[in-house]
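The values are calculated or read from the model by the stated rules, or taken from the named source; none is laboratory data. Because the structure is predicted, anything quoted here is derived from the model rather than measured. Cβ coordinates were reconstructed from backbone atoms using ideal geometry, including for glycine residues, and neighbour counts include every protein chain displayed.
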Amino acid sequence: MYKDKVISVVVPAHNEQKLIQKALQDLPHWIDQIFVIDDFSQDATSDKVRERMETDSRIVLIRHEENRGVGAAICTGYKASLENDVDIAVVMAGDAQMDPADLEDIIRPVALEGVDYAKGNRLFYGKAWDIIPRHRYIGNSVLSLLTKIASGYWHVADTQCGYTAISKRALELVDLENVYSRYGMPNDLLVKLNIAECSVRDVPVRPVYDIGEVSEIRITRVVITISKLLVSCFFTRLVGKYVIRDFHPLVFFYTLGLIAFPAGALSGFYLLMYRLFSGPVSTTSALFSAFLVISGLQFLLFAMWFDMENNKHLKG
C-alpha cells in the first residue's frame, strides 16, 4: 500500500518478450497488485511473465485471445483493478520505457491531493529534445495541441505519454467499454474525464529510449488517425458538456467560428486563384472573405477562452 491506498500496476504488453521482465523486476514493494495484459502476443511474452510470477506473487497474467489494441489492454487492467477494489491504478508499458523511479511522483497527487488523474509529461524534462526522437517529439507536440482543444484540459501536454495514475472514482465515472481501443486511448480518455468533471495533473517524468524497444507505431499514420479521433471527441465533448449537461454560450462561438473561418479561407483561396489565372476580382468580394476569416478567428478564440475559463477548476 501507499499512504493507506491500495495500488495496482497495469502492464499492457504485445510481443514484449525481450523487455517484459525488465519492466516487472523493479516495481517497488508497496505495489499491491500487478496486472499484465498480454494482448495476443505471438512471441514468448506470456512465458516470460509466468517465469516472473514464480518469484512475485503480486503478478496476475490476463491474456487476450485476439489482438484488441493497447487501449483495450489498459481497460482490461482497469476493470481488473476495479474488481479487486484498488484505490489507484497505474499504467506502465511492457516495453520498460517508464522509469520506476518516477512512479511515486505519478501516484502522489492522486493519493494525497485528491487529483483524479495524473499523467507523465516527458516534454517537461530538461533534456527531452535530445532524448526523444525528433519526429516523435514534433508529432507528440502536434497531437498535444489538438488534444488541448478537444479535451478542454488546456494545461496538459505530452498527451501520448501512457505513464498515468487514475483514481477509483474516475474509473467508476468513465465508461470503460467505450474507450478507444488503440493508440489514441489516452486522448479519448482525457475527453471522457473532462465530461465527467475529473481533475488532471501533468507530472514531469524522464523519457526512456534506446533500451532495445521496438516500436510498432508509424508516426504519420498515427497522427492522422488520432487527429480524426480528436475531431470526433471535440464535438462529443461540446454536445455532452455544453448542450446536454449544462448549456454554455461558447457553443455559439464555436459554431459561428467553424462556419465563418473555413468559408472565408476557401473563398479567399478561390479569389486568389482567380486573380492569378483569370483576372482582377472585386474589392467587395476580397473584403468579404477577409471579414469572414477575421470574424471566424475571433469567434474561435473567444470560444477557446470561454472553454479555458470553464475548465480551470479541473487543473489538478
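Observations on the model:
- Residue, nearest to D130 (Cα to Cα), within segment 209-268, restricted to residues that are polar (S, T, N, Q) and modelled with pLDDT under 85: S215
- Yes/no for K119 being assigned to a strand (DSSP E or B), modelled with pLDDT of 90 or more and farther than 27 Å from D43 by Cβ: yes
- Annotation note: Cβ proximity below 6 Å between a residue of segment 229-257 that is touching a residue at least 60 places away in the same chain (Cβ under 8 Å) and a residue that is hydroxyl-bearing (S, T, Y) and surrounded by 13 or more Cβ atoms within 10 Å (Cβ to Cβ) (sequence gap 6+ or interchain) occurs for H248/Y242.
- Within segment 5-23, being of a type in the set (A, V, I, L, M) and out of contact with any strand residue (DSSP E or B) (no Cβ under 7 Å at 6 or more places or on another chain) holds for V6, L19.
- Of all residues in segment 71-101 being modelled with pLDDT under 95 and in a helix (DSSP H, G or I), the one that is surrounded by the fewest Cβ atoms within 10 Å (Cβ to Cβ): A101
- Residue among D130, D105 that alone is of a type outside the set (S, T, N, Q), at pLDDT 95 or above and assigned to a helix (DSSP H, G or I): D105
- Where R50 falls short, out of the listed (1) more than 26 Å from D105 (Cβ to Cβ); (2) crowded, with 16+ Cβ neighbours inside 10 Å; (3) touching a strand residue (DSSP E or B) at 6+ places or on another chain (Cβ under 9 Å): (2)
- Test: residue in segment 31-39 that is modelled with pLDDT of 95 or more, assigned by TED's automatic domain parsing to the domain that holds R201 and surrounded by fewer than 15 Cβ atoms within 10 Å (Cβ to Cβ): no
- Contacts under 8 angstrom Cβ, first residue in segment 198-212 being at positive phi, partner in a loop (DSSP other than H, G, I, E, B) and modelled with pLDDT of 90 or more, 6 or more apart: G212/K18; G212/L19
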